[in-house]
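The values are calculated or read from the model by the stated rules, or taken from the named source; none is laboratory data. None of these values were measured; they are calculated from a predicted model. For neighbour counting, all protein chains shown are included, and Cβ atoms are generated from backbone atoms with ideal geometry for every residue, glycine included. We work out accessible area using only protein heavy atoms, side chains counted, and drop any ligands, DNA or RNA first. Shrake-Rupley method; radii C 1.70, N 1.55, O 1.52, S 1.80 Å.
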Amino acid sequence: MSKDIVVSPDSSAIQTLAEALDRYPIAPELGLLNVKQALFTLSQVFSDNHTPPCVQQRTQGAILSLDHIIRTQPIYDPLLFVALHEMLDGFEQYVLAYGLGEAYLHIALPRFEQTGFCWRLLEQKKEQAVKRPIHAYEAHLNAVTASAMIPQMSQLAGLGEVSFHLNMESQPSQKGYFKLLTVQPFDWLQKSFPMFSWRHSRCRNLEYEMVWLASSYALAFLSAQLPRGERQRLLDSMSEWIRVEHYRAFSMLFTRLHQEVVIEQGDSLVPGALQSAKTTLIAGQLARPERIAGCYFKALLPHASLTQTSSPLLASATQYTLLGRDVLSSWLCVIDLGRQRLAFAQSDFMGCFSLQNMQLQSLGSNRWMCHFDCGLSAELEIDSELFSVLDGRLESHSGEGFELFVTQQCSRNIAIAIKGVVQLEGICAFSLRPSGSTKNIWLTAQGECFVEPWLTGSRTPAPILTELQSLPTRVNDVKRTGYYQLMFTGGVLWVAANLVADLISIASGASFYLFSREQKVCERGLLHGMEYYSQIVSLDVGQEGRFALLLAGHRCAFLSSSVAWCDKLPDQLSVTKINQLNLVKHEHAVWQLASRAHHEHDFVINTDNISNFIHYLWPQHSVESASNYD
C-alpha cells in the first residue's frame, strides 16, 4: 500500500456518516438516505485508495441493504440503529489503523472479514424488507404561531407528507393541527414528538380507492353504450379528480437535486399515493417514469455522460420502485409492421425518419446503430419483415418504402421499420405477473387490443415481480371455500377455491388474442376486465375449453370444457406430488397439462403448494427464481 495517499477524505467521509446516523432516530427514512449517500462517498474514497477487498465488499453490501430497506419506507428500528453504529465503529477503526500505517491494519480488518452482528442484521433486513402501509395521523398543539410552525413542519416533513389545517382563521395565535401521512407507528411518534397530541386521522384508503377508480374509469372509457358527449364529460370529470387527488408530476417525487442529475419526463403525471417521502438522487443518476404491466415505476439508473467516476453502485442494475397503477388513458402511436400492429406511448415517441436522413453503424453481433441528421441516435430493431441489412444498407423486402419509428425504452432509443403510424387513445391493462416479452397491453374504446413489446432482446426486469406483489388488486375479495375439480388426460386437478380470482365462461375466441414477438414466438393471452393472463393451460386435448379458472395473484388461467365444485376433498383421496405433472407447449403458446404417471392420479393445488406449483411448471416466471426471469 502506497504511503503517499492522503487519508483526509476518509476522515471527512466518516464524519459525514456519523452525522447522517444521528439523523436516523429523528427521521428514519431521511436518515437512512443520508447514511446511504455517505457510504457511497466512502466507497469512492476506498476505491481510489486501493482499500482491501473485504472492506470494499462490506461497504457495497451495506449500500445495497440500505437501498432495499429504504425502498420499503422503513420505520425506526433500534436494532438497526445499533448495527449501524457498530458498522460506523468498524469504519472508524479502519481509518485510524490506516493512518497509523500498514502494521496496524491487521487489528481492524477482522471486523470486516468476520460476519459480525451489523453485517448479519443488514443482510437479514434486506431479505425481510416488505412494503409497509401508510398511516394518517393528526398532531395537535394548543397554540401554533407562524414562527413556530415552520421548524415543526420541517421536522415532520422528514417523516412523510405533512400539511397544516386551521380550525380558526381570525386570531393571531391560530389553533390547528398537522396532518401527517407516514409509515411510522403511532407509539414511536408519541415518544419522538411529545410536544404534540397525536391522534389517528380518519383518512381515505388511497391504495384501495385507486383500485375502485381504475375499474370505474376503465368501464367508462371502454363503454360502447354511453352517448359520445356524455361519455366524454364523464371521463373529463373523473380524470380531473384523479389527477388532483392521486397523481403528481414525476419531478415532485425527488428532493435536494444534485446538479449532475437528470430527470426525464419530469412533467409527466404519475400515481403518487404509495409514496410518503421524496427520493434523494445521487450524482450521476438518471430518473425516469417507466410504465410496465399497467403500472408506473420510478426507474433510477446511471447516466454515463454525467460522471467520469466508475462506481459499483451506479454500474448495478436499474432500481425500480412501484408508484401505482396507471388509471388514466394515454395517447398512443400505433405502428403498422405489415402482418401486425404494435402500440407505444406517445410520451416515449422520439420521431419518424426517412432512410435518406440516416447513417448506419455496425456494433457487431448483428447489432446496428442508426445516426440521424438531427443528432439523434437509436439502436435498430433488427428482426423485421420489411427489410434486411445488406452491405451496411437497409434493403426493402417488397420494394416498398418504409420509415424508421424511434421510441424510448428505459432511456434507450430504439428504431423500428414501419409502413405507417396512427394516433389512438388507449388505456393500459394490468398484470401482477407480466410476460417476459410484453411491456404493456393497450385497449381502445373501439374494442381493439394492442401489444407494446420489449425491443432489442430486452425482457421485463426481475425486480418488477417483487414490487407488484405489494399492490392491492381488489376492494372486496370474494371469500371462496371448497375445491374446483378439473379433469385432464392422466388425472384430476383439485384447485382450492380460495386461490381462484374468478371462474368465467368463454363464449367465443374473441376473449383471446395473438401477437408475434419478433415474428418467431406466438403468444396467447386472456384479458378479463382490465387484468391480463398470459400463462394459459389447457386441460382438454384437441378442443377449446368453455371455461377459464383464473388464479388470484398469478397470471395463470386453466381452460377446461367442464368445471365442478365440491365443498371438500373426497375421503381417502390419494394425492400425487406435483412433480408428476408435465406441461407440453402447443400452438399459440397454450400449454397442455399432462401427467407422467401411467394411471390417473389426483393432484391438489392449495395455499401450501401454489408457489411450488408455479415454480415447478414455470421456473423462469416465479418470484422464487426471479434472477432467472426471462
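Read through the list (1) modelled with pLDDT under 80; (2) open to solvent by 70 Å² or more (accessible area, probe 1.4 Å), then give the number of the only condition that Pro78 fails.
Unmet for Pro78, out of (1) modelled with pLDDT under 80; (2) open to solvent by 70 Å² or more (accessible area, probe 1.4 Å): (1).
Quick one: which residue in Ser431, Ser458 is of a type in the set (S, T, N, Q), in the same structural domain as Gln359 (by the TED database), touching a residue at least 24 places away in the same chain (Cβ under 8 Å) and open to solvent by 20 Å² or more (accessible area, probe 1.4 Å)? Reasoning before the result, please.
Numbers: Ser431 fails: open to solvent by 20 Å² or more (accessible area, probe 1.4 Å).
Within the list Ser431, Ser458, the selection yields Ser458.
If the Cβ limit is 6 Å and pairs must be 6+ apart or interchain, which residue in the stretch 565-578 that is assigned by the TED database to the domain that holds Asp602 and assigned to a strand (DSSP E or B) pairs with which residue that is surrounded by 10 or more Cβ atoms within 10 Å (Cβ to Cβ) and at pLDDT 85 or above?
Within 6 Å, the pairs are Trp565/Gly482; Trp565/Tyr484; Cys566/Gly482; Cys566/Tyr483; Val575/Asp602; Val575/Val604.
Does the stretch 236-256 include one or more residues that are outside any helix (DSSP H, G or I), buried (at least 16 other Cβ atoms within 10 Å of the Cβ) and modelled with pLDDT under 85? Break it down into steps so the answer makes sense when it comes.
Here is the first cut: in the stretch 236-256, the ones outside any helix (DSSP H, G or I) are 247-249, 254-256.
Now narrow it down to the ones that are buried (at least 16 other Cβ atoms within 10 Å of the Cβ): 247-248, 254.
In the following step, the residues that additionally are modelled with pLDDT under 85 were identified as 254.
Looking through the stretch 236-256, at least one residue is outside any helix (DSSP H, G or I), buried (at least 16 other Cβ atoms within 10 Å of the Cβ) and modelled with pLDDT under 85.
Quick check, is Ala38 free of Cβ contacts under 8 Å to residues at least 40 places away in the same chain and in contact with a Phe, Trp or Tyr (Cβ under 7 Å, 6 or more places away or on another chain)? Walk me through it before giving the result.
On the way: free of Cβ contacts under 8 Å to residues at least 40 places away in the same chain: yes; in contact with a Phe, Trp or Tyr (Cβ under 7 Å, 6 or more places away or on another chain): no.
No, not satisfied.
In the stretch 434-454, how many residues are touching an Asp or Glu at 6+ places or on another chain (Cβ under 6 Å), buried (at least 22 other Cβ atoms within 10 Å of the Cβ) and not in a strand (DSSP E or B)?
Qualifying residue count for the region: 0.
Within the set of pairs 6 or more residues apart or between chains, which connect a residue that is without any contact (Cβ under 8 Å) to a residue 60 or more places away in the chain and within 14 Å of Gln15 (Cα to Cα) inside the stretch 91-108 to a residue that is of a type in the set (Gly, Ala, Ser) and open to solvent by less than 70 Å² (accessible area, probe 1.4 Å) with Cβ atoms less than 6 Å apart?
Gln93/Ala108; Tyr94/Ala108
Among the residues of the stretch 551-564 satisfying the criterion of being assigned to a loop (DSSP other than H, G, I, E, B) and modelled with pLDDT of 80 or more, which is nearest to Val500 (Cα to Cα)? Steps first, please.
Going residue by residue through the stretch 551-564, those that are assigned to a loop (DSSP other than H, G, I, E, B) are 552-555, 561-563.
Then keep just the ones that are modelled with pLDDT of 80 or more; that gives 552, 561-563.
Numbers: Ala552: 5, Ser561: 17, Ser562: 16, Val563: 13 Å.
Within the stretch 551-564, the match that is nearest to Val500 (Cα to Cα) is Ala552.
Just to confirm my filter: which strands (runs of 3 or more DSSP E) fall fully inside the stretch 340-428 and include at least 2 residues that are aliphatic (A, V, I, L, M), within 16 Å of Val451 (Cβ to Cβ) and open to solvent by less than 60 Å² (accessible area, probe 1.4 Å)?
Details: elements: 341-345, 349-353, 358-364, 367-372, 377-380, 387-390, 393-396, 403-409, 412-418, 420-428.
In the stretch 340-428, 341-345, 412-418, 420-428 are the strands (runs of 3 or more DSSP E) which contain 2 or more residues that are aliphatic (A, V, I, L, M), within 16 Å of Val451 (Cβ to Cβ) and open to solvent by less than 60 Å² (accessible area, probe 1.4 Å).
In this structure, does Gln265 turn out to be modelled with pLDDT of 85 or more, part of a loop (DSSP other than H, G, I, E, B) and touching a Lys or Arg at 6+ places or on another chain (Cβ under 9 Å)? Before the answer, list the steps.
On the way: modelled with pLDDT of 85 or more: yes; part of a loop (DSSP other than H, G, I, E, B): yes; touching a Lys or Arg at 6+ places or on another chain (Cβ under 9 Å): yes.
For Gln265, the condition - modelled with pLDDT of 85 or more, part of a loop (DSSP other than H, G, I, E, B) and touching a Lys or Arg at 6+ places or on another chain (Cβ under 9 Å) - is met.
Leu281: modelled with pLDDT of 80 or more, crowded, with 16+ Cβ neighbours inside 10 Å and not hydroxyl-bearing (Ser, Thr, Tyr), yes or no? So that I can check it myself, show each step before the final result.
Details: modelled with pLDDT of 80 or more: no; crowded, with 16+ Cβ neighbours inside 10 Å: yes; not hydroxyl-bearing (Ser, Thr, Tyr): yes.
So Leu281 fails the test.
May I ask you to verify whether Arg325 is out of contact with any Cys (no Cβ under 8 Å at 6 or more places or on another chain), at pLDDT 85 or above and among the basic types (Lys, Arg)?
Details: out of contact with any Cys (no Cβ under 8 Å at 6 or more places or on another chain): no; at pLDDT 85 or above: yes; among the basic types (Lys, Arg): yes.
Spelling it out, it is not the case that Arg325 is out of contact with any Cys (no Cβ under 8 Å at 6 or more places or on another chain), at pLDDT 85 or above and among the basic types (Lys, Arg).
Which of the residues spanning the stretch 590-630 are part of a helix (DSSP H, G or I) and at pLDDT 75 or above? Explain how you work it out, then say what you get.
Kept after step one, since they are part of a helix (DSSP H, G or I), are these residues of the stretch 590-630: 610-617, 619-621, 623-628.
Correct list: Ile610, Ser611, Asn612, Phe613, Ile614, His615, Tyr616.
Restricting attention to the stretch 550-565, and to residues there that are open to solvent by 30 Å² or more (accessible area, probe 1.4 Å) and touching a strand residue (DSSP E or B) at 6+ places or on another chain (Cβ under 6 Å), which single residue is nearest to Ile610 (Cα to Cα)?
Ala552
Mind listing whichever residues of the stretch 478-537 are open to solvent by 40 Å² or more (accessible area, probe 1.4 Å), over 30 Å from Ala220 (Cβ atoms), in a strand (DSSP E or B) and at pLDDT below 60?
Selection gives Val521, Cys522.
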